[in-house]
1. Within segment 50-79, which residues are touching a residue at least 24 places away in the same chain (Cβ under 8 Å) and closer than 16 Å to Asp142 by Cβ?
2. Would you check which residues across segment 98-141 are crowded, with 20+ Cβ neighbours inside 10 Å and on the phi > 0 side of the Ramachandran plot and list them?
3. With the requirement that a residue be in contact (Cβ under 8 Å) with a residue 40 or more places away in the chain and either in a loop (DSSP other than H, G, I, E, B) or exposed (fewer than 15 other Cβ atoms within 10 Å of the Cβ) (or both), what does segment 143-163 give you?
4. Are there any pairs, at least 6 apart or on different chains, whose C-beta atoms fall under 7 Å, with the first in segment 109-137 and over 23 Å from Glu152 (Cα atoms) and the second hydroxyl-bearing (Ser, Thr, Tyr) and part of a helix (DSSP H, G or I), and if so, which?
5. Residues being over 19 Å from Met43 (Cα atoms), part of a helix (DSSP H, G or I) and of a type in the set (Ser, Thr, Tyr): count how many of those fall in segment 56-99.
Amino acid sequence: MSIPILNYSLSTQNQRVNSFEYLPGEEQPKVYTTDNLPTALEMDQIIWAAYRQIFSEHQILSNTRQVYLESQLRFNQIKIKDFIKGLLLSDAFRLLNYDVNNNYRFVEMCVQRILGRDIYNEREKLAFSVIIGSQGIEVFIDLLINSDEYLENFGDSIVPYQRRRIICQRNKGEIPFNLKTPRLNQSFLMKQGLPQLLWPGTVHRFRPQEQNPKAGDPALFLDMVSSISLL
């Protein structure tokens, strides 16, 4: 018996209200769609926008390209929605995003990139995490991409985008979701077998290549202080 998604209440988010920025060119996001029979150049831009939204600029590499899916999209054999789903279910996306994060972080990234918004609250993150843990990421991605929210905002022919406009100067506004690097979570470092960097003053500290401190190294003073504190 499959576990149904948990109920969670919606909270007010910026993407659910009208934008208040009126900078020239920043009023509305650029929409990439196949509704108007795009030219070859426009199709290149649509495919690039899809990669940029799902993989982010940091992950667009030669080995992340899905050439077969691109060919199907160019010849109108699949819709943009199918292309997006194919990118999400690709081995490259799983390797770069799912395998290096826990379920909570993966849920947050997928909601941002697929639905174009941030998670409503921790309850929503927990609800989707349960789905991943019990039924797998394919069921989770199907749940998002076939949701009423996705269909109402993007349909079959629009590349997902961040539904809330952003201020042009990034230091004064929020960074687009697709430009946020999916960094390793601190809780995941132990799973990867990576060294734990501890604050000076603790008994054990990591030194690159196990180098011993030389004369004049502040680490000698810290070792002395820590040994005295343990007496």
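1. Across segment 50-79, the qualifying residues are Ile54, Lys79.
2. Gly116, the sole residue that qualifies.
3. Those that are in contact (Cβ under 8 Å) with a residue 40 or more places away in the chain and either in a loop (DSSP other than H, G, I, E, B) or exposed (fewer than 15 other Cβ atoms within 10 Å of the Cβ) (or both): Phe154, Gly155, Asp156, Ser157, Val159, Pro160, Tyr161, Gln162, Arg163.
4. Note: pairs meeting the criteria are Ser129/Tyr104.
5. Counting residues in segment 56-99 that are over 19 Å from Met43 (Cα atoms), part of a helix (DSSP H, G or I) and of a type in the set (Ser, Thr, Tyr) gives 1.
Values in this text are rule-based calculations from the coordinates and carry no lab data. A quick note: this is a predicted structure, and the numbers were derived from the prediction, not measured. Cβ atoms come from the backbone with ideal geometry, glycine included; neighbour counts cover every protein chain shown.
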